[in-house]
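Values in this text are rule-based calculations from the coordinates and carry no lab data. In this text, all values refer to a predicted model and were calculated from it rather than measured experimentally. So basically every Cβ, Gly included, is an ideal-geometry build from the backbone, and we count neighbours across all protein chains shown.
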Amino acid sequence: EIGPGVYDIHSPNVPSVEWIEALLKKAAKRIPAERLWVNPDCGLKTRGWPETRAALANMVQAAQNLRRG
């Protein structure tokens, strides 16, 4: 199992659902989807709560979209 970092926590930009999905699809070309875990690239202590919540919500939505196919 592997968790590719899909969110650069050092950037103030919140990644879109589409951006995260694209990264996960790229990873899934080499790693079976059932072995992928969706993660930020590091801890989130440098980000504020509103930004963190938005990024995590987008990560969850992207993972759900890909699981549904």
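Overview of results
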{"read-out": "Contacts under 9 angstrom Cβ, first residue in segment 44-58 being free of Cβ contacts under 8 Å to residues at least 24 places away in the same chain and among the charged types (D, E, K, R), partner surrounded by 12 or more Cβ atoms within 10 Å (Cβ to Cβ) and outside any helix (DSSP H, G or I), 6 or more apart", "value": "Lys45/Ile9"}
{"read-out": "Residue list for segment 25-37, restricted to those being among the hydrophobic types (A, V, I, L, M, F, W, C) and outside any strand (DSSP E or B)", "value": "Ala27, Ala28, Ile31, Ala33, Trp37"}
{"read-out": "Of all residues in segment 34-46 being hydrophobic (A, V, I, L, M, F, W, C) and exposed (fewer than 13 other Cβ atoms within 10 Å of the Cβ), the one that is nearest to Asn58 (Cα to Cα)", "value": "Trp37"}
{"read-out": "Single residue of segment 58-69 satisfying the filter (of a type in the set (A, V, I, L, M) and more than 15 Å from Glu34 (Cβ to Cβ)) that is surrounded by the fewest Cβ atoms within 10 Å (Cβ to Cβ)", "value": "Val60"}
{"read-out": "Search result, residues across segment 4-63 that are under 11 Å from the mean Cα position of the chain (by Cα) and aromatic (Phe, Trp, Tyr)", "value": "Tyr7, Trp19, Trp37"}
{"read-out": "Meets criteria (without any contact (Cβ under 8 Å) to a residue 60 or more places away in the chain, surrounded by 10 or more Cβ atoms within 10 Å (Cβ to Cβ) and touching a Gly at 6+ places or on another chain (Cβ under 8 Å)) for Pro4", "value": "no"}
{"read-out": "Top-ranked residue in segment 47-57 [being within 12 Å of Tyr7 (Cβ to Cβ) and not charged (D, E, K, R); ranked as surrounded by the most Cβ atoms within 10 Å (Cβ to Cβ)]", "value": "Ala55"}
{"read-out": "Members of segment 1-24 found to be touching a helix residue (DSSP H, G or I) at 6+ places or on another chain (Cβ under 7 Å) and in a helix (DSSP H, G or I), listed by number", "value": "Val17, Ile20, Glu21, Leu24"}
{"read-out": "Among residues of segment 38-59, those that are among the hydrophobic types (A, V, I, L, M, F, W, C) and either in a helix (DSSP H, G or I) or in contact with an Asp or Glu (Cβ under 6 Å, 6 or more places away or on another chain) (or both), counted", "value": "6"}
